1. Taking the range 1-30 only, how many residues are of a type in the set (A, V, I, L, M, F, W, C), under 17 Å from the mean Cα position of the chain (by Cα) and within 20 Å of residue 89 (Cβ to Cβ)?
2. Within the range 44-67, how many residues are among the charged types (D, E, K, R), in a loop (DSSP other than H, G, I, E, B) and either within 14 Å of residue 22 (Cβ to Cβ) or in contact with a helix residue (DSSP H, G or I) (Cβ under 9 Å, 6 or more places away or on another chain) (or both)?
3. Among the residues of the range 19-33, write down those that are assigned to a loop (DSSP other than H, G, I, E, B) and surrounded by 11 or more Cβ atoms within 10 Å (Cβ to Cβ).
4. For the range 83-107, which positions are outside any strand (DSSP E or B), closer than 17 Å to residue 26 by Cα and either touching a residue at least 24 places away in the same chain (Cβ under 8 Å) or of a type outside the set (Gly, Ala, Ser) (or both)?
5. So is residue 70 touching a helix residue (DSSP H, G or I) at 6+ places or on another chain (Cβ under 9 Å), in a strand (DSSP E or B), exposed (fewer than 14 other Cβ atoms within 10 Å of the Cβ) and at negative phi or not?
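No value in this document is a laboratory result; all are computed from the given coordinates. This one's a predicted model, so the numbers in the text were calculated from it and none came from an experiment. Here the Cβ positions follow ideal geometry from the backbone for every residue, glycine too, while neighbour counts run over all protein chains shown.
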Amino acid sequence: MTQQAFIRARAVRWSADEPIPGLVEVEFDDAEGQLWRFIDKAPIFDREGKLTSTAAYPRAVDLACTVIDRTGDRVAVSTAEPWGIESVDGQSSFVVRADQLISSAPG
């Protein structure tokens, strides 16, 4: 059974004004320390509307994902669900540390 969650990530810069509402670059380091970068529309990463062209960067954001498997403190996740997010390298499967995740479960 899969579980929805969020990866703790950071928005590092405003990337472009077009297409509207604008693009932002987000990154996180996986469990092995590899840096992954994503560029997508600001609302994909920002539930509060704080990512704008004039915002101060870097800033903490949450990257939606689905938990696929857990082994100790390592968690396999996919960013393909729920929003179809891929890294700039076309990857959507990652292994992160458990402390990098925020559960989307109520309470």
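1. Pass one, the range 1-30, residues of a type in the set (A, V, I, L, M, F, W, C): 1, 5-7, 9, 11-12, 14, 16, 20, 23-24, 26, 28.
Of the ones still in play, those that are also under 17 Å from the mean Cα position of the chain (by Cα) are 5-7, 9, 11-12, 14, 23-24, 26, 28.
Adding the requirement that they be within 20 Å of residue 89 (Cβ to Cβ) leaves 7, 9, 11-12, 23-24, 26, 28.
The total comes to 8.
2. Of the residues in the range 44-67, the ones among the charged types (D, E, K, R) are 46-48, 50, 59, 62.
Next, only the ones that are in a loop (DSSP other than H, G, I, E, B) stay: 46-48, 50.
Among the residues that remain, those that are also either within 14 Å of residue 22 (Cβ to Cβ) or in contact with a helix residue (DSSP H, G or I) (Cβ under 9 Å, 6 or more places away or on another chain) (or both) are: 46, 50.
Here the count works out to 2.
3. To start, the set of residues in the range 19-33 that are assigned to a loop (DSSP other than H, G, I, E, B) comprises 19-22, 30-33.
Passing the criteria: 21, 22, 30, 31.
4. Keep residues of the range 83-107 that are outside any strand (DSSP E or B), which gives 83-92, 98-100, 104-107.
Among the residues that remain, those that are also closer than 17 Å to residue 26 by Cα are: 83-92, 100.
Those that are outside any strand (DSSP E or B), closer than 17 Å to residue 26 by Cα and either touching a residue at least 24 places away in the same chain (Cβ under 8 Å) or of a type outside the set (Gly, Ala, Ser) (or both): 83, 85, 86, 87, 88, 89, 91, 100.
5. On the way: touching a helix residue (DSSP H, G or I) at 6+ places or on another chain (Cβ under 9 Å): yes; in a strand (DSSP E or B): yes; exposed (fewer than 14 other Cβ atoms within 10 Å of the Cβ): yes; at negative phi: yes.
In short, yes.
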